[in-house]
Amino acid sequence: MTAPFGGRGSPSDGTPVDNLVEISDVHYSVGGRSIFSGLDITIPRGRITAIMGPSGTGKTTLLRLMTGQIRPNRGHILVDGQDVSRLSTSELYRLRRRMGMLFQNGALLTDIDVFENVAFPLREHTRLPESIIRNIVLTKLQAVGLRGAWSLYPSELSGGMGRRVALARAMAMDPDLLIYDEPFAGLDPISLGVILRLVKQTNDALGLTSIVVSHDVDEIATIADISYILSAGKVVASGAPMALKDSNSELVRQFMNGLPDGPVAFHYPAPDYREQLLSGDD
Amino acid sequence: MRLVDDLLTSLKNFVSSVGALSIFFVRVLGQVPAALLKPRYVIAQIHNAGALSLVIIMTCGLFVGAVLGLQGYDLLQRFGSEDSLGTAAALGLIKELGPVITALLFAGRAGTALASEIGLMRATDQLSAMEMMAVDPIRRVVAPRFIGGVIAMPLLSAIFISIGIYGVHLVGVQQLGVDPGSFWSQMIASVETGDINEGILKSCVFGVACSLIAVHEGYTAQPTAEGVGRATTRTVVISAVLTLILDFMLTAVML
């Protein structure tokens, strides 16, 4: 078994550690387009941190940087004191065993059933007897309310059910850090409420650290302890979600209150509308 | 000048592609021992690549053999040596047609299935999810499929050749009246172990080539519907061309 991340405030190298993830001065560009230019974020241990921002600001890219799926051009990304951009593949895999990630679309393995999907990381990383694996899987499925669906295949699940199974799978190895990428996107109100409650319950009951990437402002405000709003490759605001609604920043207020126009323009840059219609050209 | 630039760019891209494929091949080979430790995944892939290709392989083998019987008989009877039909057909099937046509059919049936399956896993984040669960997709997804293809190809080729010889017999002996004793005895007397080894070696090489191309194209596919479609097409085209080039090279070396 791998050693768990140090507890909240516990010293791992002799000094108190309060932040599980520390991102400092991160620059990242792809295809000549700058995504981040000097990004600084800290994720406190044991809390739910929301990463928000308009579409295309690089929220999912940030998660991929944090988990070492891509490497920054410059800067440091420390997860429990380890710089993920400098880890070897085997070190990165060791670190990832202590992380769980819920993908936007669930990303369940489509050729195996729900039970096997949840059992997948256990079978890959442990030598537990079948009876123990069975009990762990059923416990995780019970937690997300889908114990009865153990024999279904991913193609037989609704979007919300698929995401709940993916959450059960992400929790299977009892990680210390759970990362959610747009967990509420495209869900009906009932499924959304269920997932929202699960995120909160899971974090509080298991003492995890959770990072939720979302632009569902109202939903995330009810569970997050701290929020970061990204725009143009930087953090433009951070703090308690409710406090951000009263921010002085025009951009933050536009985002938090869902205003159609403001610093973030509704229209993609285009030539003059009237001229383009009359010219007959593309 | 523009033509030279284009040629240089194409050459650079080609060398880069060959390099990427070689690195990928080494990565897959590195994970083969670990994949073999979980044989149920490999067995499942032998079933997918092999057993599920049986119908097409057997059907094509029968008709290729039947055509070979017709053409061979027509040719040999001009020299009064139609009794040699068994030998001619067996050597043609064992040394050339069996391995080559099996490889082409494999690329069209199993190769496209492998490429599209892995490509779709990429497009639906299943491979990323595995990486996030600290599971190497090369070990868990690619290597078992590669091994399955490499094992299935010689077996399919042997079945193709057997059914093909039966097709030759069906047409040559049962329809056109070649003496069955001469058909079998000449075949047994003329086909040597070296001929069979040549066929086995070719089918093994084609198995490695076609399986590698299929898993590589799937693994590196763009994660879109168009990307997966393109990977599937490239699998068939590259596998077919590579099979024929390798066939020429192997034949030239072994003759």
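The values are calculated or read from the model by the stated rules, or taken from the named source; none is laboratory data. Everything numeric in this text was worked out from a predicted model, so none of it was measured. Counting neighbours? That spans all protein chains shown, and the Cβs are built from the backbone with ideal geometry, glycine included.
Taken over region B:230-248, residues that are surrounded by fewer than 14 Cβ atoms within 10 Å (Cβ to Cβ) and closer than 16 Å to B:D195 by Cα amount to 1. Scanning region A:88-106 for residues that are within 12 Å of chain B (Cβ to nearest Cβ) and either among the aliphatic types (A, V, I, L, M) or over 26 Å from A:V199 (Cβ atoms) (or both) yields A:T89, A:S90, A:E91, A:L92, A:L95, A:M99, A:M101, A:L102.
Selection of region B:12-41 for residues being in a loop (DSSP other than H, G, I, E, B) and loosely packed, with under 13 Cβ neighbours inside 10 Å yields only B:L37.
The helices (runs of 4 or more DSSP H) falling completely within region A:54-140 that include 2 or more residues that are in contact (Cβ under 8 Å) with a residue 24 or more places away in the chain and closer than 30 Å to A:L230 by Cβ map to A:59-66, A:89-96.
The residue that is surrounded by the most Cβ atoms within 10 Å (Cβ to Cβ), counting only those in region B:114-169 that are among the charged types (D, E, K, R) and within 14 Å of B:I43 (Cα to Cα), is B:R145. Within region A:243-261, not a single residue is surrounded by 13 or more Cβ atoms within 10 Å (Cβ to Cβ), within 30 Å of A:L146 (Cβ to Cβ), touching a Leu at 6+ places or on another chain (Cβ under 9 Å) and not polar (S, T, N, Q).
Conditions tested, residue by residue: (1) at positive phi; (2) among the polar types (S, T, N, Q); (3) in the same structural domain as A:A50 (by TED's automatic domain parsing).
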{"residue": "A:E182", "(1), (2), (3)": "yes, no, yes"}
{"residue": "A:P189", "(1), (2), (3)": "no, no, yes"}
{"residue": "A:D204", "(1), (2), (3)": "no, no, yes"}
{"residue": "A:I211", "(1), (2), (3)": "no, no, yes"}
{"residue": "A:H215", "(1), (2), (3)": "no, no, yes"}
{"residue": "A:T222", "(1), (2), (3)": "no, yes, yes"}
{"residue": "A:I226", "(1), (2), (3)": "no, no, yes"}
{"residue": "A:A240", "(1), (2), (3)": "no, no, yes"}
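Candidates in region A:151-176 are the residues that are under 25 Å from the mean Cα position of the chain (by Cα) and not in a helix (DSSP H, G or I); of these, the one that is farthest from A:L109 (Cα to Cα) is A:D176. From the list A:T61, A:T42, A:T57, the lone residue that is at pLDDT below 90, more than 14 Å from every other protein chain (Cβ to nearest Cβ) and surrounded by 14 or more Cβ atoms within 10 Å (Cβ to Cβ) is A:T57. Taken together, A:L152, A:L141 contain a single residue that is farther than 17 Å from A:L196 by Cα, out of contact with any strand residue (DSSP E or B) (no Cβ under 9 Å at 6 or more places or on another chain) and either hydrophobic (A, V, I, L, M, F, W, C) or modelled with pLDDT under 90 (or both), which is A:L152. Within region A:69-120, if we keep just the residues that are closer than 20 Å to A:G46 by Cα and among the small types (G, A, S), the residue that is modelled with the highest pLDDT turns out to be A:G100. Scanning region A:141-150 for residues that are part of a loop (DSSP other than H, G, I, E, B) and of a type outside the set (V, I, T), we see that the one that is farthest from A:F115 (Cα to Cα) is A:G145. Quickly run through region A:78-105 and pick out the residues that are acidic (D, E) and on the phi > 0 side of the Ramachandran plot. Residue satisfying the conditions is A:D80 alone.
Among the residues here, A:D83 does not qualify as surrounded by fewer than 18 Cβ atoms within 10 Å (Cβ to Cβ) and outside the structural domain of A:E22 (by TED's automatic domain parsing). Selection of first residues in region A:224-249 that are among the charged types (D, E, K, R) and of second residues that are surrounded by fewer than 15 Cβ atoms within 10 Å (Cβ to Cβ), restricted to Cβ pairs under 7 Å at least 6 apart or on distinct chains, gives the following pairs, ordered by first then second residue: A:K234/A:G38; A:K245/A:N257.
Give me the residue from region B:110-144 that is outside any helix (DSSP H, G or I) and charged (D, E, K, R) and, out of that set, nearest to the other protein chains (Cβ to nearest Cβ). Filtering region B:110-144 for residues that are outside any helix (DSSP H, G or I) and charged (D, E, K, R), the one nearest to the other protein chains (Cβ to nearest Cβ) comes out as B:D125. The single condition among (1) touching a Pro at 6+ places or on another chain (Cβ under 8 Å); (2) under 19 Å from B:L114 (Cβ atoms) that B:D247 does not meet is (2). For A:V84, the conditions (1) within 24 Å of A:V236 (Cα to Cα); (2) away from every other protein chain (no Cβ under 12 Å) are fulfilled apart from (1). Only one of the numbered conditions (1) buried (at least 19 other Cβ atoms within 10 Å of the Cβ); (2) at pLDDT below 90; (3) over 15 Å from B:A129 (Cα atoms); (4) within 14 Å of chain B (Cβ to nearest Cβ) is not met by A:R163, and that is (3).
Residues checked against (1) under 22 Å from B:S128 (Cα atoms); (2) touching a residue at least 40 places away in the same chain (Cβ under 8 Å); (3) surrounded by fewer than 18 Cβ atoms within 10 Å (Cβ to Cβ):
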site: B:Q186; (1), (2), (3): no, yes, no
site: B:T193; (1), (2), (3): no, no, yes
site: B:V228; (1), (2), (3): yes, yes, no
site: B:T251; (1), (2), (3): no, yes, yes
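Determine whether A:M173 is touching a His at 6+ places or on another chain (Cβ under 9 Å), within 14 Å of chain B (Cβ to nearest Cβ) and within 19 Å of B:A134 (Cα to Cα). Judged against the criteria, A:M173 is a match.
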